[in-house]
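Structure first, then comments.
The values are calculated or read from the model by the stated rules, or taken from the named source; none is laboratory data. This one's a predicted model, so the numbers in the text were calculated from it and none came from an experiment. Note: ideal-geometry Cβ built from the backbone for every residue, glycine included; neighbour counts use all protein chains shown. The area values use the complete protein model at the heavy-atom level, side chains included, leaving out ligands, DNA and RNA. Shrake-Rupley method; radii C 1.70, N 1.55, O 1.52, S 1.80 Å.
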Amino acid sequence: MRLTVPHMGMLHIAYTRVLRKNGVDMVPPPKATIKTLNLGVKHSPEYACLPFKINIGNMIEALDAGADAILMPGGYGPCRFGYYGIIQEQILRELGYTFKMSTTDNPDRLSDMIDTIRDISSIKNRFDGYRVFFLILMRMAALDRAEALYHYYKPREINTGESDAALKQAVLTIDLADSYAKLLSAAGNVKKLFREVRIDRGFRPLRVGVLGEIFVTIDPFANLSIEKKLGEMRVEVVRGVWLSDWLNDRFRFKPFRRNQTRLSTKIAKGYLDYPSGGESIETVGKTLMFHKKGIDGVLHIMPFTCMPELVASAVIHRISKDRDYPVLSMIFDEHVSEANMFTRLEAFVDLLERRKCEGISRN
Amino acid sequence: MKAYLGIDVGSVTTKVVLIDYEGNVLWNSYRKTMGQPIKALQSAFSALRKDMGDIDIKGVGTTGSGRKLADHIVGADKVKNEITAHALSAVHLIPNVRTIIEIGGQDSKLILIRNGVVVDFSMNTVCAAGTGSFLEHQATRLGIRIEEFGTRALASGSPARIAGRCTVFAESDMIHKQQMGHNLEDILAGLCDALVRNYLNNLARGKDISGPVIFQGGVAANPGIRAAFERELKKEFIVPGYYPIMGAIGAALLARDTKETRFKGLAVSEQQLHTSSFYCSDCPNACGVIEINDSETVIARWGDSCGKWGKDLS
């Protein structure tokens, strides 16, 4: 069995090497390109969201590269996503591919995840299943920490590109750490890598909170590398959604990190009393949190036709009005116009900058 | 005298202005881009040279959708988006302005200003309904010149009601009204109303439009649209004298704090500039790479998402 899993941010880096070591013949989809997107768009329902289309593109390219089994998280999902695996299987079968499709029944339940791992790998012992699964989670958390460091260093770097190189090296370091012991020393090395980036210590960049639907928010291919763009404009990204947080809310592997969904639900009270699917409650809760923390503004990212984020978008624009807090919503799909997107982003950053200057002069 | 140059390369027109430090317009030019921004820019430059001689330019700002291209060609000190540039010139002209309506060839924008600072903005995203190109297209279809569109619309006694949500539907609805026997003036006035409705529905939803309102951009030339906005908003409504070149003025104002300019000089108009493009085949992204050549030498390259073609040069 040659297994593939569609991409989501850097998730594939967390699991590929570990699963390979445990007897899974992994075929990760090739890095997404325009060709991936075109394939996805061609074979997807028009009103499916961008993540669905990129998934389909990933699956087709992986199957063409020799994969014969697909693992797709599914079950009851946070939104339409729960149903995606089933539709994607049908689309691929109609295209004439033969493959084995596994969808996890309930991606929120630990025992289901362990069963899935035992199902696909040479691991038969339940305890070993836990050990491997938690190693993957820890690797994901390490990757997220590296990216958070990047967000800090990028706007402050003196030599353009140094923090990008550091991130690249950090990701490689974490990728090679395929045991708990190695991961521990890799974490130290990652910090060292970033400490070598020369930064302007006196510089106080604007801080923009980045929130929204998790796939498009964390995937640079889906969002036209918007975080890097902000960094190049010397703006510090404060991201509110992380894959490791999402996983931690379900599998509790970071003992000192609060459950972010619950925390957001608590803060969002009064504006959104019940989760309306997806990351909507996080978007609302964290917009309020960022406002309180003094983050300069919020960039809200969502795929076109995303119902949960559409609800959140209406709510956070209300917050924006009530609290005089700048919020910009950006909608992504395959028709997105880069020029229009960056014009608005630039104008938003100018707006924040002016507000900040005025604020200082008033005090 | 210190002079500053502002360049606004828009989708349909290219604007060049020369201002002094106080922001007074010394010279300006407004011409159609005709799909050839470089030519348009060069001809504006040779006109500037002819009218003003070799004037000492202390700073250059570019804006508009072609701002990067213009920067590569002339060497700009400030490259800014249109929203910031328009806001700056409007505030410079009318310090207590609170709302800016800007409608250009393919963009429309709404900018809210409080105490001279941009506090909110919106811009049309995918739909071109309610922009200059749409009006021009309809004018051509009806066989009238765009310049007389507005005055003809003002002559209407009872504007036809035209569906304005989408240009395609607006067009078919317009044809329907025309076949029903509405006269041309009523249809033109109806189109103006539809455009304004569309603009307000798309961009102004939930936003507080308060006066003074300033209307700029090429479409402000159309008295029919101006009248339709006034009817709809019932606010103090100003169309500045320099309405079509406000973006360029904003860019020039931004360039005023330049210490040492990167400007390559007006002689750029004499260069044999041409662009070419190719698709990079190193990965399946197949980025379209664009290069500008001065006779045989490549002077700038961009469009590659990995940045390797641009890097080769410098």
Global form of the range A:150-199, assessed from the alpha-carbon gyration tensor, a/c cut-off 1.5 = prolate
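Can you divide the C-alpha Rg of the protein assembly as shown by 2.2 N^0.38 Å and report the result to two decimal places? Can you show the working numbers first?
Values: Rg = 27.5 Å, N = 677, 2.2 N^0.38 = 26.2 Å.
Output field value: 1.05.
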inquiry  = With θ taken as phi - 60° and the coefficients 6.51, -1.76 and 1.60, list the Karplus ³J(HN,Hα) couplings across the range B:192-197 in order, rounded to whole Hz; mark glycine and proline as x.
reply    = 4, 4, 5, 5, 5, 4
task = Take chain B, connect every pair of alpha-carbon atoms lying under 10 Å apart with a spring to form a Gaussian network, then pick out the residue of B:GLY150, B:GLY23, B:GLY181 with the largest mean-square fluctuation.
result = B:GLY181
key: Test item: A:338-351 mean partner chain Cβ contacts at 10 Å   = 6
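Counting only GluC sites (Glu not before Pro) that sit in a DSSP loop (anything but H, G, I, E, B) with at most 13 other Cβ atoms within 10 Å, what is the longest stretch of chain A containing none of them? Working shown, then result.
Values: sites that count: A:GLU46, A:GLU196.
No qualifying site falls inside A:197-363, the longest such stretch.
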Spatial separation of Cα centroids for the range B:74-133 and the range A:141-171, in angstrom = 34
request  = Among B:LEU41, B:LEU253, B:LEU233, determine the one that fluctuates most according to a GNM of chain B built with springs between C-alpha atoms less than 10 Å apart.
outcome  = B:LEU233
request  = Would you work out what percent of the accessible area of the protein assembly as shown, with all protein chains in place, is carbon or sulfur (probe 1.4 Å)?
outcome  = 53
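In whole percent, what relative contact order does the range A:126-204 give with Cα contacts below 8 Å and a gap of six or more residues?
Computed value for the range A:126-204: 37 percent relative contact order.
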request  = Mind checking B:130-141 for the average number of partner chain beta-carbons within 10 Å of each residue's beta-carbon?
outcome  = 0
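Taking 30 Å as R0, compute the FRET efficiency from the Cβ-Cβ separation of A:GLU46 and A:ASP322 and round it to 0.05. Before the final figure, lay out each step's value.
Details: r = 36 Å, r/R0 = 1.20.
Result of the calculation: an efficiency of 0.25.
Not counting the cut sites, what is the longest span of chain B without GluC sites (Glu not before Pro) that DSSP labels loop and that have at most 11 other Cβ atoms within 10 Å? Walk me through the numbers before you get to the answer.
Values: sites that count: B:GLU22, B:GLU260, B:GLU296.
Counting only loop sites that pass the neighbour cut-off, the longest clear stretch is B:23-259.
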Greater than 28 Å apart at Cα, pairs in A:LYS42/B:LYS109; A:LYS21/A:LYS254; B:LYS2/B:LYS80; B:LYS264/B:LYS308 = A:LYS42/B:LYS109
ask   = Normalised by the residues of the range A:2-124, what does the relative contact order come to in percent, with Cα pairs under 8 Å and at least six apart?
value = 26
task = Name the residues whose placed amide hydrogens come within less than 5 Å of the amide hydrogen of A:MET330, ignoring near sequence neighbours (fewer than 5 apart) on the same chain.
result = A:HIS300, A:ILE301, A:MET302
note = per DSSP, antiparallel bridges as share of beta bridges in chain A, % nearest 5, sits at 5
request  = Provide the per-residue ³J(HN,Hα) series for the range B:13-18, in order, calculated from phi with Karplus coefficients 6.51, -1.76, 1.60 and θ = phi - 60°, each as a whole number of Hz, with x at glycine and proline positions.
outcome  = 10, 10, 10, 10, 10, 10
Backbone HN-Hα couplings from phi across the range A:189-194 [Karplus 6.51/-1.76/1.60, Hz, Gly and Pro as x] = 5, 5, 4, 4, 4, 6
ask   = Among A:ILE136, A:LEU176, A:PHE203, which residue has its Cα positioned farthest towards the positive end of the charge dipole of the range A:126-204, with +1 placed on the Cβ of Lys and Arg, -1 on the Cβ of Asp and Glu, and the dipole taken about the Cα centre?
value = A:PHE203
message = Can you tell me the mean projection area, over all orientations, of the convex hull of the range B:95-239's alpha carbons? Units nm², please.
response = 8.0
ask   = How much length is gained if the chain between B:VAL168 and B:ALA221 is pulled fully straight, taking 0.36 nm per residue apart and subtracting their Cα-Cα distance, in nm to one decimal?
value = 16.7 nm
Per DSSP, loop trypsin sites (Lys or Arg not before Pro) in the range B:211-276 with at most 10 further Cβ within 10 Å = B:LYS234, B:LYS259
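Grab the Cα-Cα distance for A:ARG2 and A:LYS266, subtract it from 0.36 nm times how many residues apart they are, and report the gain in nm with one decimal. Present the calculation step by step, with values, prior to reporting the outcome.
Values: separation 264, 0.36 × 264 = 95.04 nm, distance 4.34 nm.
My answer for the length gained is 90.7 nm.
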request  = Give me the distance in nm between label points sitting 7 Å out from Cα along the Cα-to-Cβ direction at A:ASP200 and B:ASP54, one decimal.
outcome  = 3.6
ask   = Probe 1.4 Å, all protein chains in place: accessible area of A:MET233 in Å², nearest 10?
value = 50
task = Would you mind checking the pairs A:LYS229/B:LYS78; A:LYS154/B:LYS32; A:LYS292/B:LYS235 and listing those with alpha carbons more than 29 angstrom apart?
result = A:LYS154/B:LYS32; A:LYS292/B:LYS235
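Within the range A:27-105, which chymotrypsin sites (Phe, Trp or Tyr not before Pro) sit in a loop by DSSP and count at most 11 neighbouring Cβ atoms inside 10 Å?
Working: sites: A:TYR47, A:PHE52, A:TYR76, A:PHE81, A:TYR83, A:TYR84, A:TYR97, A:PHE99; in loops: A:TYR47, A:TYR76, A:TYR97, A:PHE99.
For chymotrypsin sites (Phe, Trp or Tyr not before Pro) across the range A:27-105 that sit outside H, G, I, E and B with at most 11 neighbouring Cβ atoms in 10 Å, the list reads A:TYR47, A:TYR76.
In the range B:136-178, which trypsin sites (Lys or Arg not before Pro) are in a loop and have at most 12 other Cβ atoms within 10 Å, using DSSP for the loop call? Please list the in-between numbers first.
Details: sites: B:ARG141, B:ARG145, B:ARG152, B:ARG161, B:ARG165, B:LYS177; in loops: B:ARG145, B:ARG161, B:ARG165.
Here the trypsin sites (Lys or Arg not before Pro) that fit, given the DSSP loop and packing criteria, are B:ARG145.
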ask   = Kirkwood hydrodynamic radius of chain B from all distinct Cα pairs, in Å?
value = 20.8
